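The values are calculated or read from the model by the stated rules, or taken from the named source; none is laboratory data. What you are looking at is a predicted structure, and each value in this text was computed from that prediction instead of being measured. FYI the Cβ positions are ideal-geometry reconstructions off the backbone, even for glycines, and counts take in every protein chain you see.
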Amino acid sequence: MLKREKRLERKIAKERIRILIEKAEKMKLEDYELAKRYVELAKKISMKYRVRIPKELRVKFCKKCLYPYKFGKFRVRVRKSRVIITCLNCGFERRIPIRPKL
Ligand SMILES: [Zn+2]
């Protein structure tokens, strides 16, 4: 019973994270600060309930300063089968390996 509740709790947490990141995506051009707040909240929820932010959502914002990536605020380069995304708010670089599709 308890185990089931915990699973449900985490499922709800995951849903909330998704909604918050989607909101941040919609808001980032209008109100960048608010968009960042949404990401911060999503991060807090993920830590509290120990759920991972899904991969496809994690690439939408800077891991360090939590501002969503938006035009003019990040730079993308490809080097040695890696995508390097540089956040222009804080300078943080992240490397994402490109997996060859077979
Ligand atoms: Zn950053």
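Data table
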| read-out | value |
| --- | --- |
| Residue match in the stretch 56-73 (condition: more than 14 Å from the ligand (Cβ to nearest atom), on the phi < 0 side of the Ramachandran plot and not in a loop (DSSP other than H, G, I, E, B)) | yes |
| The stretch 74-102, subset part of a strand (DSSP E or B) and touching a Cys at 6+ places or on another chain (Cβ under 6 Å), residue nearest to the ligand (Cβ to nearest atom) | 87 |
| Residue 30 part of a helix (DSSP H, G or I) and at pLDDT 95 or above | no |
